[in-house]
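The values are calculated or read from the model by the stated rules, or taken from the named source; none is laboratory data. Since the structure is predicted, the reported quantities are computational estimates derived from the model, not experimental observations. Ideal geometry is used to build each Cβ from the backbone, glycine not excepted, and the neighbour counts take in all protein chains shown. Accessible surface is based on the protein model in full, side chains and every heavy atom, while ligands, DNA and RNA are left aside. Shrake-Rupley method; radii C 1.70, N 1.55, O 1.52, S 1.80 Å.
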Amino acid sequence: MVWNIWFKSQLKEDQLHDLLTKLDEFIDTFQPDVFGLHEVLTDIKTGHSPVLEHLKQRGYYCESIPFSPIRKKWMTGNAVAYKSKPAVSGSYVLGPDTPARWRGHKGHEVRLMFADIQTTDGKNVHFVLNYLAHLVPYNWSTHLLHLKNFNEFISQKTFDTRTIVVGDFNEFKWMLPLWNKRFQRKTGNIINPTWRLQGRWPVQANYDNVCWDSDGSLTLKDFQVLSKRPSDHAALVATFEVN
């Protein structure tokens, strides 16, 4: 499962309650082995993250990369929650955090997260949570740099098979096929897009994706675009058979 939960969903108690309730609903319904999350807030002073603490209480092992200062008190960033601790995990620098610099915070970098996950029958699956700079005019060059570094990262031999890449790519649906020749992909559609501006019409896009190797090592069994609220992005859930 992957979901950009939107930092604004965590700023007030009632919004946070709605978000945690929705996460519980997803857990109870789908029992995801892995959650990839974007825009998770972490308190700058204490390091506390209400979302991750909640997922830990639900039995998940959590790792996070807070990288972007926002609203004085908070850092926002990526996080992954696993049903069991991965065999290997880490992060990789994609490039500068231009929005943070525009807000007056220099020197911050955006990172993707990755892990090797063991199935119950001993097979190894490579999981990557990707996040590229969003598409606004001042951020285009940063987006292209992030994309270049992501392509260099994913071209490593390690990821030649049994690799799942999920995340908010911040690219329109038609853009990914221009560079993505290797992976199969699932996202939303014009009727049920994965993102709407502030959760409403008319501005919408399919930024969020689930990608996997085309070599037959993974078979997609089910894919769904789920609820957006209280986020402005939809959660995506995919079920794979590992061959």
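When the stretch 11-22 is filtered for residues that are assigned to a helix (DSSP H, G or I), over 19 Å from the mean Cα position of the chain (by Cα) and either touching a residue at least 12 places away in the same chain (Cβ under 8 Å) or closer than 19 Å to ARG71 by Cα (or both), the ones remaining, listed by number, are GLU13, ASP14, GLN15, ASP18.
Of the residues making up the stretch 97-109, those that are closer than 13 Å to ASN139 by Cα and either in a helix (DSSP H, G or I) or in contact with a Lys or Arg (Cβ under 9 Å, 6 or more places away or on another chain) (or both) are THR98, PRO99, ALA100, ARG101, TRP102.
None of ILE164, ILE191 is modelled with pLDDT under 95 and not charged (D, E, K, R) except ILE191.
Rundown of residues vs (1) hydrophobic (A, V, I, L, M, F, W, C); (2) buried (at least 20 other Cβ atoms within 10 Å of the Cβ); (3) more than 14 Å from the chain's Cα centre (by Cα), yes/no style:
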{"residue": "LEU112", "(1), (2), (3)": "yes, yes, no"}
{"residue": "ILE117", "(1), (2), (3)": "yes, yes, yes"}
{"residue": "LEU129", "(1), (2), (3)": "yes, yes, no"}
{"residue": "HIS143", "(1), (2), (3)": "no, yes, yes"}
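For the stretch 217-242, a residue qualifies if it is surrounded by fewer than 16 Cβ atoms within 10 Å (Cβ to Cβ) and either among the hydrophobic types (A, V, I, L, M, F, W, C) or modelled with pLDDT under 95 (or both), and the qualifying residues are LEU220, PHE223, SER227, ARG229, VAL242.
Residues are listed down the side, and each one gets a yes or a no for (1) out of contact with any Phe, Trp or Tyr (no Cβ under 6 Å at 6 or more places or on another chain); (2) not polar (S, T, N, Q):
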| position | (1), (2) |
| --- | --- |
| ASP215 | yes, yes |
| ASP222 | yes, yes |
| VAL225 | yes, yes |
| LYS228 | yes, yes |
| ALA235 | no, yes |
| ASN243 | yes, no |
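Taken over the stretch 40-51, the criterion of being open to solvent by 10 Å² or more (accessible area, probe 1.4 Å) and either closer than 23 Å to PHE114 by Cα or touching a Lys or Arg at 6+ places or on another chain (Cβ under 7 Å) (or both) is satisfied by THR42, ASP43, ILE44, GLY47, HIS48, PRO50.
Among residues of the stretch 135-156 that are under 18 Å from TYR207 (Cα atoms), those with a Cβ under 8 angstrom from a residue that is outside any helix (DSSP H, G or I) and β-branched (Val, Ile, Thr), sequence gap 6+ or separate chain, pair up as HIS146/VAL110.
Conditions tested, residue by residue: (1) open to solvent by 20 Å² or more (accessible area, probe 1.4 Å); (2) over 16 Å from the mean Cα position of the chain (by Cα); (3) not polar (S, T, N, Q).
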{"site": "ASP24", "(1), (2), (3)": "yes, yes, yes"}
{"site": "THR29", "(1), (2), (3)": "yes, yes, no"}
{"site": "HIS38", "(1), (2), (3)": "no, no, yes"}
{"site": "GLU53", "(1), (2), (3)": "yes, yes, yes"}
{"site": "LYS56", "(1), (2), (3)": "yes, yes, yes"}
{"site": "SER68", "(1), (2), (3)": "no, no, no"}
{"site": "TRP74", "(1), (2), (3)": "yes, yes, yes"}
{"site": "SER89", "(1), (2), (3)": "yes, no, no"}
{"site": "ALA100", "(1), (2), (3)": "no, yes, yes"}
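Across the stretch 156-208, the qualifying residues are those that are farther than 20 Å from TRP3 by Cβ and aliphatic (A, V, I, L, M), and the one among them that is surrounded by the most Cβ atoms within 10 Å (Cβ to Cβ) is MET175.
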